[in-house]
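Quick notes on the structure that follows.
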Amino acid sequence: MAKLKLSKHALHDQQEQLRLYQRLLPSLDLKRRQLTIEVQKAEEDYAAAQSAVDALETRIGDELPMLADVEFRLGGLVHLKSYKVTEQNVVGVKLPFLDSIDCAVDDYSRLATPPWVDTLVQRLKDATEQRMRAEIAGKRLSILKVAVRRILQRVNLFEKILIPTAKQNIQKIRIFLGDAERASVITSKLSKQKQQQLREAEAKVEAEEVS
């Protein structure tokens, strides 16, 4: 760290820095509050997405209890074919957004399978989509939490380090300059007194020589 210069120029620089920090801090704190709110929303969205996944899986079990007794394989009947994730800007943070999703269904014989398999296919598609939404919601939450930690670090840097340090530096410089000014005044007075005493002594000597 550079040594603090105790000068009027340094005092001006420190005052300018302090004004800058105090001007930036409110906007940083506002962003912190906004991001905190977004984290709360993301937590709710993620919890809702996870609950939706659980609800769909429970629904499949409730609607289609015969799945436990099927003699043919249903694994891989529905799988994720493709999806599109775009970017969303939330309070200056780039977040993933699930724009579209496409599920593929393996061919199966509707004559050789029970009618309820059609219902199963739809439920599996819904569940696959919801799992993807839950995954994206989880990523959004993670990114926002990191953003909050970073903005909180910046707010703390301004509040606890930069602003207090600038104030302390200003105080140190003012004290030094004040002491230097007082010392200069005292030195000037002493110099004037000495000059006055010298003039008086010279005048006295001149008076004695005349007499």
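All of the numbers you see were taken from the coordinates with simple rules; none came from a lab. These figures come from a predicted structure and were not determined experimentally. Cβ coordinates were reconstructed from backbone atoms using ideal geometry, including for glycine residues, and neighbour counts include every protein chain displayed.
The residues packed around Glu181, meaning those with a beta-carbon under 14 Å from its beta-carbon, carry a net charge of +3 if Lys and Arg are +1 and Asp and Glu are -1.
3J(HN,Hα) along the range 54-63: 4, 5, 5, 5, 5, 4, 4, x, 6, 6 Hz, from the Karplus curve 6.51 cos²θ - 1.76 cosθ + 1.60 with θ = phi - 60°, whole Hz, x for Gly and Pro. Annotation: extensible slack from Thr36 through Arg59 equals 4.9 nm (criterion: 0.36 nm per residue apart, minus Cα-Cα distance). Cβ-to-Cβ counts within 10 Å put Leu190, Leu177 in ascending order as Leu190, Leu177, the fewest first. With neighbour counts taken as other beta-carbon atoms within 10 Å, the residues Ile175, Ile101 rank, fewest first, as Ile175, Ile101.
Taking a straight line from the alpha carbon of Lys192, these lysines sit under 24 Å away, with near neighbours fewer than eight places off in the same chain left out: Lys204. The angle separating the long axis of helix 116-156 from the principal Cα axis of greatest extent in the chain is about 10 degrees.
Computed from the Kirkwood radius of its Cα pairs, the Stokes-Einstein diffusion coefficient for the chain at 25 °C and 0.890 mPa s stands at 99 µm²/s.
In the chain, the calculated helix contribution to ellipticity at 222 nm averages -25500 deg cm²/dmol per residue, counting -39,500 (n - 2.57) for every DSSP H run with n ≥ 4.
Computed extension length for Gln168-Asp106: 15.2 nm, one decimal, from 0.36 nm per residue of separation with the Cα-Cα distance subtracted.
Note on Ser7 and Lys192: with the Förster distance fixed at 35 Å, the Cβ-Cβ geometry gives a FRET efficiency of about 0.85.
Residues Arg131, Arg19, arranged from fewest to most other Cβ atoms within 10 angstrom of their Cβ, appear as Arg19, Arg131. Taking every alpha-carbon pair under 8 Å whose residues sit at least 6 apart, the chain reaches a relative contact order of 35 percent.
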